Every structure is written in structure tokens, then in C-alpha cells.
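For reference, the structure discussed in these notes is given below.
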Ligand SMILES: [Zn+2]
């Protein structure tokens, strides 16, 4: 099921998360090139999760997803990164922010909608 559209989408998400973790790490942990080991680990984890998302190719943005596939500890760290780097990313990569904003407001795919409904009934 790995077609080029879905690959492109995964790559976009990965690029965005990479930029955000870079902004975060550079401000909080180390100056200069490269990520600190913890941030590198977080990035590897996030990239892996995105590429294995069960909703591909119509993946919702992670914040809107009915499934929380991140382990709690990683989820907390990613949230912190986004809170910090999200507003700063607007200046670095406005296209990525706009793209993400548009994705956030996109309607659920059928698969997502069905699962959300099922979970609401519980
Ligand atoms: Zn770091």
C-alpha cells in the first residue's frame, strides 16, 4: 500500500517534526549542528510512528488522531517540543505550518470517522 502520495505525506510530516525538534534542541540543549542524543532518539521514535500510522494514506494530524500510538513518555516530550517550537516554526518554515494547519482542519477519512464513532459509543 505504499504509493508515492502516501510516501510524500509521510515525508512532509517527518520534515516538520524534524524542524521542530531541531529548533527545540538548539534552544534548550545544545548550540551548533546536530541533535543531542535524547532529541535524536525522540525524532527517530516520532518518524517511526508516523511511517507506521494505521491510517495511511489518509492520516489525520497526530493531535486529532483517535488512536494514541505514542508511548506516554514520548507523547509528553513531543508535546513539549511542539508547544515550544510550533510558534517559532512559523518564521522558519511558514509553508510547513500552513500545510499542517490545513491538515488539521481536513475532514476525517472514512476509516478515522468510523473509529472515532466507535470510541464515542464506549
Ligand atoms: Zn536536545
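The values are calculated or read from the model by the stated rules, or taken from the named source; none is laboratory data. Model, not experiment: these values are computed from the prediction. Cβ placement follows ideal geometry from the backbone for every residue including glycine, while neighbour counts extend to all protein chains displayed.
Within segment 24-63, how many residues turn out to be more than 13 Å from the chain's Cα centre (by Cα) and assigned to a helix (DSSP H, G or I)?
Looking only at that region, the number is 10.
Take the residues of segment 35-51 that are surrounded by fewer than 13 Cβ atoms within 10 Å (Cβ to Cβ) and farther than 16 Å from residue 14 by Cα: which is nearest to the ligand (Cβ to nearest atom)?
Residues of segment 35-51 surrounded by fewer than 13 Cβ atoms within 10 Å (Cβ to Cβ): 37-38, 44, 48.
Next, from what is left, pick out any that are farther than 16 Å from residue 14 by Cα: 37-38.
Numbers: 37: 8, 38: 5 Å.
Checking each candidate, the answer is 38.
Hey, residue 7 hits all of (1) over 19 Å from residue 112 (Cβ atoms); (2) in contact (Cβ under 8 Å) with a residue 60 or more places away in the chain; (3) away from the ligand (no atom under 15 Å from the Cβ) but one; which does it fall short on?
Result: residue 7 fails condition (2) only.
What is the one condition in (1) closer than 25 Å to residue 114 by Cα; (2) surrounded by fewer than 14 Cβ atoms within 10 Å (Cβ to Cβ); (3) at pLDDT below 85 that residue 71 does not satisfy?
(3)
Could you list, in sequence order, the residues of segment 42-59 that are closer than 20 Å to residue 81 by Cβ and at pLDDT below 85?
59
For segment 89-98, name all the residues that are assigned to a helix (DSSP H, G or I) and either crowded, with 16+ Cβ neighbours inside 10 Å or modelled with pLDDT under 85 (or both).
Result: 89, 96, 97.
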